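For reference, the structure is listed below as structure tokens.
The values are calculated or read from the model by the stated rules, or taken from the named source; none is laboratory data. Quick caveat, the model's predicted, so the values are computed rather than measured. All Cβ positions, glycine included, derive from the backbone under ideal geometry; neighbour counts span all protein chains shown. Keep in mind that these areas ignore ligands, DNA and RNA; they rest on the heavy atoms of the full protein, side chains included. Shrake-Rupley method; radii C 1.70, N 1.55, O 1.52, S 1.80 Å.
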Amino acid sequence: MKIAVIGGAGYIGSHVARELLDFGHEVFVYDNLSSGLRQNLFAEASFAHGDILDVQKLDDFFESVKPEGIVHLAALKAAGESMLLPEKYSVHNITGSLNILNAASKHGVKYIVFSSSAAVYGSPKYLPMDEKHPTEPENYYGYTKLAIEQYLEWYGKLKGIKYAALRYFNAAGYDIKGRISGLEQNPANLIPIVMEAAAGKRAFVSVFGNDYETEDGTGVRDYIHVNDLARGHRMAFDKLQNGAESFVVNLGVNSGNSVLEVIKATERISGKKIDCRITGRRAGDAAVVLANPALAKEFLGWQAECSDLDTLLSTTWKVYLELIRK
């Protein structure tokens, strides 16, 4: 299948592009390189430098490629920033997504796989969180993801585009085979922040609260290896192409690791001491967030294969070691 990966030079996008290439798809990457990197591009995939806010360039791209399917990964994703700059997130995430949907509709795209987020759920009402969990996002970033899911549903009804919305939990790790090495720029997630501390790029790691009702008092999150995520995208296309109706599904593990567990395991794997400093809780942070991935297993035949903590951290540390060697 001809598949356009919008945001395909980014951290997750590059892994998705690699997975699709490995399974024989013809891949076309469209990225503005604001956070994506040229080193994350593959020679087998065509690349177009462009922004989803540039309607004409986006239209030209769809016209030249004529993709049957697209992966939509292009978005701003810092939850905290979204609460301070909602205008920025409205333009990039919502307007940009509508531009993609309009281009997809105009050019006859049949399938869309959308990078959604567990942020659409908000604070857990029960654990593990399944797809029937109430969607009550507590930050504007999460709201934008939910809004885009709703636009997809309408375009599905009105334009016949079939879609899969994949609700990620916490993406982490790097390609098991070591084929992707571009580091995330200005990371806001725990594992890359801890890796930067181990590599000497930052002085310390802030731990936001150690008085939660968890085993060590720090927050617990469900981490999923990016190779497992990428496989989920490829399997979503297979399902849609084989006649499935549009669907929404969680991609997670239903097991979690605390902040301190991640830090201690990184110290063990890297051999580096990490300075961690306890600060106050952040507003909206839940004690525990866990996915229920049962639907993904039942419907897609998908389950995590390499999302254990040691694999997550060791594949990441191999990439961050280059910081030290430089």
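Does the range 291-307 include one or more residues that are outside any loop (DSSP other than H, G, I, E, B), in contact with a helix residue (DSSP H, G or I) (Cβ under 6 Å, 6 or more places away or on another chain) and aromatic (Phe, Trp, Tyr)? Walk me through it before giving the result.
If we filter the range 291-307 for residues that are outside any loop (DSSP other than H, G, I, E, B), which is where we start, we get 291, 294-300.
If we keep only those that are in contact with a helix residue (DSSP H, G or I) (Cβ under 6 Å, 6 or more places away or on another chain) as well, we get 300.
Of the ones still in play, those that are also aromatic (Phe, Trp, Tyr) are none.
Scanning the range 291-307, I find no residue that is outside any loop (DSSP other than H, G, I, E, B), in contact with a helix residue (DSSP H, G or I) (Cβ under 6 Å, 6 or more places away or on another chain) and aromatic (Phe, Trp, Tyr), so the answer is no.
I need the full set of residues from the range 236-265 which are in contact (Cβ under 8 Å) with a residue 60 or more places away in the chain, farther than 30 Å from ARG277 by Cβ and either in a strand (DSSP E or B) or open to solvent by 30 Å² or more (accessible area, probe 1.4 Å) (or both), in order please.
Let us first name the residues in the range 236-265 that are in contact (Cβ under 8 Å) with a residue 60 or more places away in the chain, namely 236-237, 239-241, 244-254, 259, 262-263.
Keeping just the survivors that are farther than 30 Å from ARG277 by Cβ gives 236-237, 239-241, 244-251, 254.
LYS239, GLN241, GLU245, SER246, PHE247, VAL248, VAL249, ASN250, LEU251, ASN254, listed by residue number.
Which pairs have Cβ atoms under 8 Å, sit 6 or more apart or on different chains, and link a residue in the range 31-54 that is under 14 Å from VAL16 (Cα atoms) to one that is among the β-branched types (Val, Ile, Thr) and assigned to a loop (DSSP other than H, G, I, E, B)?
Sorted first by the residue in the range 31-54, then by its partner, the pairs are ASN40/ILE180.
Determine, yes or no, whether THR214 is of a type in the set (S, T, N, Q) and either touching a His at 6+ places or on another chain (Cβ under 9 Å) or open to solvent by less than 20 Å² (accessible area, probe 1.4 Å) (or both).
It is false that THR214 is of a type in the set (S, T, N, Q) and either touching a His at 6+ places or on another chain (Cβ under 9 Å) or open to solvent by less than 20 Å² (accessible area, probe 1.4 Å) (or both).
Pick from the range 170-198 the residues that are part of a loop (DSSP other than H, G, I, E, B) and at pLDDT 95 or above: which of them is most open to solvent (accessible area, probe 1.4 Å)? Explain how you work it out, then say what you get.
Step one: list which residues in the range 170-198 are part of a loop (DSSP other than H, G, I, E, B), which gives 173-189.
Pick out the ones that are also at pLDDT 95 or above and you get 173-180.
Details: GLY173: 2, TYR174: 6, ASP175: 9, ILE176: 86, LYS177: 155, GLY178: 58, ARG179: 87, ILE180: 5 Å².
Per the stated criteria, the residue is LYS177.
Could you tell me how many of the residues in the range 150-169 are within 19 Å of the chain's Cα centre (by Cα) and touching a residue at least 60 places away in the same chain (Cβ under 8 Å)?
Within the range 150-169, residues that are within 19 Å of the chain's Cα centre (by Cα) and touching a residue at least 60 places away in the same chain (Cβ under 8 Å) number 8.
What about LEU33, is it under 26 Å from ASN170 (Cβ atoms), surrounded by fewer than 20 Cβ atoms within 10 Å (Cβ to Cβ) and not aromatic (Phe, Trp, Tyr)? I'd like the intermediate steps shown before the answer.
Working: under 26 Å from ASN170 (Cβ atoms): yes; surrounded by fewer than 20 Cβ atoms within 10 Å (Cβ to Cβ): yes; not aromatic (Phe, Trp, Tyr): yes.
When the stated conditions are applied, LEU33 passes them.
Name the single residue that is farthest from ALA4 (Cα to Cα) among those in the range 47-78 being open to solvent by 50 Å² or more (accessible area, probe 1.4 Å) and not in a helix (DSSP H, G or I). Don't jump to the end; show me each part of the working.
Narrowing the range 47-78 to residues open to solvent by 50 Å² or more (accessible area, probe 1.4 Å): 47, 49, 53-57, 60, 63-64, 66, 68, 77.
Next, from what is left, pick out any that are not in a helix (DSSP H, G or I): 47, 49, 53-54, 66, 68, 77.
Numbers: PHE47: 10, HIS49: 13, LEU53: 16, ASP54: 16, LYS66: 9, GLU68: 8, LYS77: 21 Å.
Looking at the filtered set, the residue picked out is LYS77.
Does SER307 fit the bill of being within 17 Å of the chain's Cα centre (by Cα) and among the hydroxyl-bearing types (Ser, Thr, Tyr)?
yes
List pairs: first residue in the range 112-126 and on the phi > 0 side of the Ramachandran plot, second residue surrounded by fewer than 24 Cβ atoms within 10 Å (Cβ to Cβ) and in a loop (DSSP other than H, G, I, E, B) anywhere in the structure, Cβ distance under 8 angstrom, at least six positions apart or on different chains.
Every condition considered, the pairs that remain are GLY122/PRO134; GLY122/THR135; GLY122/GLU136; GLY122/PRO137; GLY122/GLU138.
With respect to GLU213, determine if the residue is modelled with pLDDT under 95 and either of a type in the set (Asp, Glu) or part of a helix (DSSP H, G or I) (or both).
Values: modelled with pLDDT under 95: no; either of a type in the set (Asp, Glu) or part of a helix (DSSP H, G or I) (or both): yes.
Criteria not met by GLU213.
Among the listed residues GLY284, GLY271, identify the single one that is out of contact with any strand residue (DSSP E or B) (no Cβ under 7 Å at 6 or more places or on another chain), open to solvent by 40 Å² or more (accessible area, probe 1.4 Å) and modelled with pLDDT of 95 or more.
Values: GLY284 fails: modelled with pLDDT of 95 or more.
Exactly one residue qualifies, and that residue is GLY271.
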